[in-house]
1. If I build a Gaussian network model for the chain, linking alpha-carbon pairs within less than 10 angstrom, which residue out of Asp200, Asp47, Asp371 has the largest mean-square fluctuation?
2. Could you check the simple spin-label distance between Ala390 and Ala149, using points 7 Å along Cα→Cβ, in nm with one decimal?
3. Select from the range 191-294 those GluC sites (Glu not before Pro) which occupy a DSSP coil region and have at most 16 other Cβ atoms within 10 Å, ordered by residue number.
4. Could you work out the longest stretch of the chain that avoids the trypsin sites (Lys or Arg not before Pro) located in DSSP loops with at most 13 other Cβ atoms within 10 Å?
5. Work from the charge dipole of the chain (Cβ charges, +1 for Lys and Arg, -1 for Asp and Glu, about the Cα centre) and give the residue of His13, Met257, Ala209 farthest towards its positive end.
6. Which entries in Lys18/Lys343; Lys143/Lys361; Lys107/Lys151; Lys103/Lys361 show an alpha-carbon gap greater than 23 Å?
7. Among Phe407, Gly383, Gly372, whose Cα lies farthest out toward the positive end of the dipole of the range 368-419, if unit charges sit on the beta carbon of Lys, Arg (+1) and Asp, Glu (-1)?
8. Among Leu221, Leu374, Leu316, which one moves the most in a GNM of the chain with springs linking Cα atoms closer than 10 Å?
Amino acid sequence: MRVLVLGSGGREHALAWKLAQSPLAREVICAPGNAGIAADVRTQPLDLGDLTAAVALARSERADLVVVGPEAPLAAGLADRLGDAGIPVFGPSGAAAQLESSKAFAKEFMQRHGVPTAEHRVFEDAESAERYIRECQRPLVVKADGLAAGKGVTVASTPEQALAAVREAMRDRRFGASGARVVIEERLKGEEASFHAVCDGEHFVCLPAARDFKRALDGDLGENTGGMGACTPPAGFGPEVERAVVERIVRPVLDGMRAEGHPFQGVLYVGLMLCADGPQVIEFNVRFGDPETQPLLFRLESDLLPLLLGAAQGRLDPQAALRFADAALCVVLASEGYPRSAKSDVPIDGLDAAGALADVKVFHSGTRARDGRLVTAGGRVLGVTARGAALSEARARAYQACERIRFAGMHYRRDIGVGAGA
């Protein structure tokens, strides 16, 4: 088989790296990829916003399966375009992708189908949103309705923080059109977790739970980012919790999407808050999480390709037994200024030394080659990932590798995995 992975981040690096290990894969190609991906598989240039070019590339590469990594092309309907061209695709339709591309849609869908989530209100003008915040006088979460690369959510401890979030989204338009509408919801209490279910529209196969560390600074302080690290499995996510997530969330979502005429094929990412009265949905993503994919796939010992192909073809085996190593953890190394800004073309050193460590893989998120050197090319630059017999062992290896890598302005959290069992 020839597999085309679309995307250029750490998630796509992990997907391409894992898929290339499959005995079924004749070749894996990634477009546009990055410098690290190019060291593992062949890459091709592509503007991911050009759906016509993406379909043309899939045709020219004679792709037997296209795996769409990021959310924006899915929201724009790329899976529909590939399907119309007769090309098998792992990723949901544009209609199904609304679970991520519109937080208001997701909230209303959950209400219709009895999926547990926080109480919320939707606002289309800043004045009404600000008045509601002043009247509430309690901790709230403010979310830009549309896609914002993981940065459109503010967990506010005070009304002033919530008001600032509304101002940034609706008045300053930090997130462009994605902030024209906001969702304001109650702030839930509990531990966060990420849950992935690979779906074919009716059946699904679950991956182990993970935990994403979204805040920029140690101690879960600072702004929300696209994710500063992740670990799997997190403490406190046992079989009973998984059964509750499956029965109260995953099944109702798949049944509801199918009943409403939008069968969900791809991977359903459920961002969870594990509350005292059971798990509740914080958000949905319609693609693999980044950086959760990196430790999840580094743990995975089974062949990934049959799972994704089965989902794309609507013939997933719900009894498929996947094998996983005990634990894995990823630490994201970010550029100076991230998440507000990023410095590019900064030389990176120490990758060979880090990669030489046992049970360590450095996935590239924002890198490129320039004048024979590897340099930064984005806010999140590298995902230093390690596995071990326990989360604490994986954590120690990952941080040992981080210490061997250097680039000017590099910063990363020192507490990934703390509180999750590491």
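Read the figures in this text as sums done on the coordinates, not as results from a lab. These figures come from a predicted structure and were not determined experimentally. Methodologically, a virtual Cβ is constructed for each residue, glycine included, from the backbone with ideal geometry; neighbour enumeration extends over all protein chains shown.
1. Judging by the Gaussian network model, the answer is Asp371.
2. 3.9 nm
3. Numbers: sites: Glu191, Glu192, Glu202, Glu223, Glu240, Glu242, Glu247, Glu260, Glu283, Glu292; in loops: Glu202, Glu260, Glu292.
Those that pass, being in a loop and sparsely packed, are Glu202, Glu260.
4. It runs 190-314.
5. It is His13.
6. On the way: Lys18/Lys343 29 Å; Lys143/Lys361 33 Å; Lys107/Lys151 19 Å; Lys103/Lys361 34 Å.
From Lys18/Lys343; Lys143/Lys361; Lys107/Lys151; Lys103/Lys361, over 23 Å: Lys18/Lys343; Lys143/Lys361; Lys103/Lys361.
7. Farthest along the dipole direction, towards plus: Gly372.
8. In this elastic network of the chain, the residue with the biggest mean-square fluctuation among Leu221, Leu374, Leu316 is Leu221.
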